[in-house]
Structures are given as structure tokens and as C-alpha cells.
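Notes for the one structure printed next.
The values are calculated or read from the model by the stated rules, or taken from the named source; none is laboratory data. Since the model is a prediction, treat every value here as computed from it, not as a measurement. For neighbour counting, all protein chains shown are included, and Cβ atoms are generated from backbone atoms with ideal geometry for every residue, glycine included.
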Amino acid sequence: MEYVSLLNSGDGIYLFLFVISVIAGIVDAIAGGGGLITVPALLLAGLPPMAVLGTNRLQAVVGELTTSVIFLSGQSLPRKGLMTGIICASAGALAGSFAVSLIDKESMEILLPVLMCAITLYSVLSKQLKSVTAAQPKISSSRFMVWCGLLIGFYNGFFGPGTGSLWMIAFVILLGYTIRQASMMTKPLNLAGNLVSLILFIILGHVDYTLGIVMGVGQIAGSLAGSRFVISHGHRIVRPVFISVTMLMTAKLIYEHLWAVSLV
């Protein structure tokens, strides 16, 4: 593949993307939203849009796998219904990926900023997000994993932005998890959906493996650091980072929507 922009600047692009991926890995391990950092960096590097999405999925999968393994090995991850959630999230992501060419995405592009605004407001005002103890669940764990796995997985495969935020808020509202527990549970479920999407990008030939591997190494370093923060400082660090990420994502989506409207 031949790219323009920063890719013509020599080996500096690899160092640039490595550093970016370390930072994104830390943020993603704590509260999700690392794509807010890596996607603009890959665009700046000059990759075509589809290659940006495919390469971003590759490095994200590496980071989420690292974080998931750390949480699982440290016995910190609540495992009830986890395998059911992984299976349903994978099935939903597969269905969503195939639905991309069949369903109009414009309505989702309009609704997503509204949804992210609601998530941000809930994050700021919710007492449960400040709590260090779990609340009473509103539905059973098995029902949650099936329905949220299918629905959020579908959204991940179909559209993608904010999937981690949706998972975290769903865990807090419906299962009464603390923000620390929700952050941990989100990682393997997000990993399942992203892995399905990555396989499709590989089949379509939209992955730059060299850049993806370089960024993947950075993701490992960042995920190791970020996951340790979650385990050691959980509630004190996850909530402010999560609120910051959702606010940035909301601002980005509103800006993109207003920009698109202004061009019509």
C-alpha cells in the first residue's frame, strides 16, 4: 500500500504511532475510548479510511486481549455469565457487520450524539458511578448477557463508536456493578465484537499489518499500565477518566454532525 502524509517522513511515523498507542492503551484499559486517540493518528499518517478502521481494529484487539488476560489472571474479573456474553456479543457483531450494507446508517449518526450526551449526564450525576459497592441487579445476569450481548454487539459491528461506554453504563444500570467492575467486564466483551470485525477487515484486505503490529506492541505496554491502575486505584481513577472520554466523544460526534449538516 502506498500512503501519503506522515508515512513519507521515514521511521518517525512508527515511533509516533507507537507512542500514541501506548497512551491509547492506558486510556482504553481504564475507561475505553482509545479509538478517539488512535483513529485520528492513523488518519494523520495518511492511511485510507478503510485501512484506518481495519488497522485500528488490529491494534485495539491486541490491547483488549492484554487487558482481559490481566484481569482474568488476577481474579479481579467477575466471571458470571461471561462466556454467554462473549458468544452473544460475537454473534451480534457478525450480524451488525453484515447489516452495514443493508441498513441506512444516517439515523444512527443522528441518534448517537444524543445517546452519548445522555451517557455523559448520567456519568456526572449518577450516585452509583461514585459507589464502591455493587447495587441490586434489575435483571438476571444470563438475560443481561444474552440481550445486551446481541444488541451492543450488533451496534459494535454495525457502527462502533462508544461501544465500551454502552457496555459500562449497561452494567452499572442493569446489573448494579460498580464502575470498576463494569470497566473490567467491558474488556472481554468488547474484544469479542472487535475480533469478529477484525476478521472481516482482514478478509477484505483493509489491514496494514506493519503499523498494526507496531501499535499493538504499544497497546500491550499501555494496557499493562492502565490495567494496573484499575486494579490498584479503581473507583478513584475510572470514573473521572470515563467521564472525560464520554465528554470528548460527545463533543467529537456533535462537531462531526454539525460539520456534515453545514456541507449539505
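Worth pointing out:
- Counting only helices (runs of 4 or more DSSP H) that sit completely within segment 139-242, those holding 3 or more residues that are over 22 Å from LEU111 (Cα atoms), among the aliphatic types (A, V, I, L, M) and within 17 Å of the chain's Cα centre (by Cα) correspond to 179-204.
- Flag for LEU65 being part of a helix (DSSP H, G or I) and more than 18 Å from the chain's Cα centre (by Cα): no
- Residues of segment 42-56 that turn out to be surrounded by 24 or more Cβ atoms within 10 Å (Cβ to Cβ) and part of a helix (DSSP H, G or I), as a count: 4
- Candidates in segment 70-94 are the residues that are of a type in the set (Val, Ile, Thr) and under 14 Å from LEU195 (Cβ atoms); of these, the one that is nearest to the chain's Cα centre (by Cα) is ILE86.
- Looking only at segment 123-175, and only at residues there that are among the aromatic types (Phe, Trp, Tyr) and farther than 30 Å from VAL52 by Cβ, the one that is surrounded by the most Cβ atoms within 10 Å (Cβ to Cβ): PHE144
- Applying a threshold of 7 Å to beta carbon distances and a minimum spacing of six or more residues, or different chains, the list of pairs starting in segment 227-251 at a residue that is closer than 15 Å to PRO113 by Cα and surrounded by 14 or more Cβ atoms within 10 Å (Cβ to Cβ) and ending at one that is among the small types (Gly, Ala, Ser) and modelled with pLDDT of 85 or more is empty.
- For segment 15-41, the tally of residues that are under 28 Å from ARG236 (Cβ atoms) and in a helix (DSSP H, G or I) stands at 17.
Residue-wise test of (1) in contact with a Leu (Cβ under 9 Å, 6 or more places away or on another chain); (2) modelled with pLDDT under 90.
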{"position": "ASN156", "(1), (2)": "yes, yes"}
{"position": "GLY160", "(1), (2)": "yes, yes"}
{"position": "MET184", "(1), (2)": "yes, yes"}
{"position": "LEU189", "(1), (2)": "yes, no"}
{"position": "LEU200", "(1), (2)": "yes, yes"}
{"position": "ARG228", "(1), (2)": "no, yes"}
{"position": "PRO240", "(1), (2)": "no, yes"}
